[in-house]
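Colleague: For reference, the structure I am asking about is given below.
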Amino acid sequence: MTSLTQRRPKAAERNAAPDPGRWVAAAFVAPVVLYLLAFQFYPLAQQLYLSVTSTSLLDPSRQTFVGLANYRDLLTDPEFHQALRVTVVYTLICVAGSIALGLGAALLLDRPFRGRGIARALVTIPWAAPPVAAALIFVWLYNAQYGLFSRVSQALGFSTGGINWLDEPAYALPAILITTLWQIFPFSAVVILAALQGVPSELREAAVIDGADRFSVFKAVVWPTIRPTVALLALLVTVWSLRRFDVIWIMTQGGPLGETNTLVIDLYRRAFVYLDLGRAAAVGVVGLAVAILVTLVYFWASRRAEAASGKR
């Protein structure tokens, strides 16, 4: 009994003693928290406040609280409606096109052939190219007088004269999409190719022995393995497409007639052309809300897919 009573205080003292590991963990986490507070949450709070004020870029210190007036004006603004529509179309095509092209390229690069290593390296060149340089190159390619696309369209008989690809409302957005897909699909190809490397070869061989063709092997063996990676890739491309600015601004600046005017371009124009920081901040908040909604839908769909696979 005496030994037990003597051990209990020592155990209590040992439990009450501070754990040095907690302080070490806090020391490593603190810089990240400070960084997020200084460069993420504080600017976000500033943007939220600006969105409910009437603030001019000529005098940013003079702010007038207007409540939700900026958001009400956006609901009745045709220019904002068009920017939202263009953003949705641009994002959907970027996501679908980059994943489709990346999946096709990854499947080709996954097969053994001579020079496969060189081909894999060449595919990454568009992704490695600076966006500004890529945009300027495609501006030259789309030139109506001496651009490659105009020469090809004339040679194939689609047009008798040069086409102003970036000045025609019907061609401007497709031209931007071609440029964007050319640059971002290599990233999708590399990510999907890495996922393909994780597909067990034994399962593929077993499916082939059972008499399955290539499409059946892909549907039953390959796709279930790479589907989580493709889903995460779709989320990343969606967020990047919602915030893409440099390529669009360099090539068209949102024109012609607003056919390439996305939310980010609209935000920039309202802030630095119209000098209206309040409405520009409101546009930014709407864009942030769209990105958060997409992220929530992704996590909801992922949990639902995991639950369905667990029941099986």
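Colleague: Taking the condition of being open to solvent by 20 Å² or more (accessible area, probe 1.4 Å) and not in a loop (DSSP other than H, G, I, E, B), how many residues in segment 163-182 meet it?
Modeller: Quick first cut of segment 163-182, residues open to solvent by 20 Å² or more (accessible area, probe 1.4 Å) only: 163-171, 173-174, 178, 181-182.
So of that shortlist, the ones also not in a loop (DSSP other than H, G, I, E, B) come out as 169-171, 173-174, 178, 181-182.
Selection size over segment 163-182: 8.
Colleague: Working carefully through the options 257, 232, find the one that is more than 29 Å from residue 49 (Cα to Cα), open to solvent by 50 Å² or more (accessible area, probe 1.4 Å), at pLDDT below 95 and under 16 Å from the mean Cα position of the chain (by Cα).
Modeller: Numbers: 257 fails: under 16 Å from the mean Cα position of the chain (by Cα).
Residue meeting the stated conditions: 232.
Colleague: Looking only at segment 56-76, decide whether some residue is touching a residue at least 40 places away in the same chain (Cβ under 8 Å), assigned to a strand (DSSP E or B) and open to solvent by less than 50 Å² (accessible area, probe 1.4 Å).
Modeller: Yes, segment 56-76 contains a residue that is touching a residue at least 40 places away in the same chain (Cβ under 8 Å), assigned to a strand (DSSP E or B) and open to solvent by less than 50 Å² (accessible area, probe 1.4 Å).
Colleague: Only one residue in 96, 100, 134, 83 is assigned to a helix (DSSP H, G or I), closer than 26 Å to residue 193 by Cβ and over 17 Å from the mean Cα position of the chain (by Cα), so which one is that? Show your work before the answer.
Modeller: On the way: 96 fails: over 17 Å from the mean Cα position of the chain (by Cα); 100 fails: over 17 Å from the mean Cα position of the chain (by Cα); 83 fails: closer than 26 Å to residue 193 by Cβ.
Just one listed residue meets the conditions, 134.
Colleague: Also, I was wondering about something else. Under 7 Å between Cβ atoms, which residue pairs at least 6 apart in sequence (or on different chains) link something in segment 121-133 that is under 16 Å from residue 98 (Cα atoms) with a partner that is open to solvent by 60 Å² or more (accessible area, probe 1.4 Å)?
Modeller: 124/190; 126/182
Colleague: Within segment 107-124, track down each residue that is under 19 Å from the mean Cα position of the chain (by Cα) and open to solvent by 70 Å² or more (accessible area, probe 1.4 Å). Explain how you work it out, then say what you get.
Modeller: Start the filter on segment 107-124 by keeping residues that are under 19 Å from the mean Cα position of the chain (by Cα), which leaves 124.
None; the set is empty.
The values are calculated or read from the model by the stated rules, or taken from the named source; none is laboratory data. Since the structure is predicted, the reported quantities are computational estimates derived from the model, not experimental observations. Note that we place each Cβ from the backbone using ideal geometry, even for glycine, and neighbour counts take in every protein chain shown. Note: accessible area is taken over every heavy atom of the protein model, side chains too, but ligands, DNA and RNA are not part of it. Shrake-Rupley method; radii C 1.70, N 1.55, O 1.52, S 1.80 Å.
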